[in-house]
Amino acid sequence: MQILDGKIVSQAVKDSIKEKTVQLKAQGKKTPHLAAVLIGNNGASETYVASKVKSCEEVGFKSTLVRLDAEVGEAVLVNTIEQLNNDVDVDGILVQLPLPKQINEEKVISLIHPDKDVDGFHPMSVGKMVQGLPTFIPATPYGILLMLEHYKIETKGKHAVVIGRSNIVGRPISILLNRNAYPGNCTVTVCHSHTPNLKEICLQADIIVAALGKPQFLTADMVKENAVVIDVGITRVADTTKKSGFAIKGDVDFANVAPKCSYITPVPGGVGLMTIAALLMNTYNACLQKEVEGLKLKV
Ligand code: GUN
């Protein structure tokens, strides 16, 4: 069994981005700039956004954090996004999800200019991804692909079972693993909360992506020998032995599943770190695209 080490792979991706950013600057080009919008005080969102901002610094990017009150009206958020869309220095925009209930998530995502949609959530980005056209790929699925690629894991002809069908992870990774490319060329089964015989389906999988957000859901009896297991879960569970008062748990019962696997991602230290590295890749590409094509600010 080999651990798919998000620390090592994300650091390699970040080192390469850092080097390319130094070269951009040496050529007199602009510094990649990510703007993150954080609404309210959700603890997990605060942690994720702080990590994203810190990672920008690490690779030499500029970052802007726009914080809005939990009770903010939709009009203020719309105005914030329009300002960031029109700011020629900003290359990538992300609005951290989930949003408070008074805000329409779909509307907000659709307002982000597709050229700056480094989360890859805009319908135009999703449509392009489905058709296999160049676009921004959502950061978590992109991070999983980078991980598979780094460890040269064979995907062609394999049966991948994805548990979860969210727009952020399950659905996009199912499409990406199915495309005619590497990593890809899998036969993909997408399972969800209404799937009967989930255990039987998982037992047929060469690759399992657990992305349902239920701590330690995937148990050893659901995994065949030598499977590749990718754990996307990051749930905070109360733990009085930790200073923070919580521990981070994945969707996989790691202790019992790991001995059966050929490869497995740990939590923490797996896919979560890759998500940030992939976001930085998207931001770098957004910046470069602008350099290549010139500014196209109004759709
Ligand atoms: N919330 C959980 N994952 C993500 C992500 O990848 N991007 C954004 N914007 N919000 C998230």
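Count charges around Gly250 for me, please; just the other residues with Cβ under 13 Å from its Cβ, Lys/Arg as +1, Asp/Glu as -1.
That sum, taken over residues with Cβ under 13 Å, equals 0.
Counting other Cβ atoms within 10 Å of each Cβ, which trypsin sites (Lys or Arg not before Pro) in the stretch 208-255 have at most 15 and sit in a DSSP loop?
Qualifying residues, ordered by number: Lys224, Lys242, Lys243.
Taking the alpha-carbon distance from Lys156 and a cut-off under 28 Å, which lysines remain once sequence neighbours fewer than 8 residues away in the same chain are dropped?
Hits, sequence-local ones excluded: Lys7, Lys14, Lys128, Lys199, Lys224, Lys260.
For Ile8 and Ala220 in one chain, what is 0.36 nm times their gap in residues minus the Cα-Cα distance, to one decimal in nm?
Length gained between Ile8 and Ala220: 73.7 nm.
Using 0.36 nm times the number of residues separating Asn256 and Leu65, minus their current alpha carbon distance, what extension gain do you get?
That pair, Asn256 and Leu65, stretches by 64.7 nm at full extension.
Excluding Arg179 itself, calculate the net charge of residues whose Cβ lies under 15 Å from the Cβ of Arg179, where each Lys or Arg counts +1 and each Asp or Glu counts -1.
Result for the local shell: +3.
So what's Rg/Rh here for the stretch 12-87, counting alpha carbon atoms and using the Kirkwood radius for Rh?
Rg/Rh: 1.06.
Just to be sure I follow: if Rg is taken over the C-alpha atoms of the chain and Rh is the Kirkwood radius over the same atoms, what is Rg/Rh?
That ratio equals 0.97.
Calculated from DSSP H runs of 4 or more alone, at -39500 (n - 2.57) each and per residue, what is the 222 nm mean residue ellipticity of the chain, nearest 500?
Calculated at 222 nm, the ellipticity per residue is -12500 deg cm²/dmol.
What is the sum of charges around Ala26, taking Lys and Arg as +1, Asp and Glu as -1, for the other residues whose C-beta is under 14 Å from the C-beta of Ala26?
Once positives and negatives cancel, what remains is +3.
Taking the stretch 43-106, which trypsin sites (Lys or Arg not before Pro) meet the DSSP loop condition and have no more than 16 other C-beta atoms within 10 Å?
Taking the stretch 43-106 and a limit of 16 other Cβ atoms within 10 Å, the loop trypsin sites (Lys or Arg not before Pro) found are Lys101.
Using a Förster distance of 35 angstrom, determine the FRET efficiency expected from the C-beta separation of Glu74 and Val237, and round it to 0.05.
E between Glu74 and Val237, to the nearest 0.05, is 0.60.
Any read-out appearing in this document is the output of simple, stated calculations on the displayed coordinates, not a laboratory observation. Predicted, not measured: the structure shown is a model, and the values here were computed from it. Neighbour counts are summed over all protein chains in view; Cβ atoms, including those assigned to glycine, are modelled from backbone coordinates with ideal geometry.
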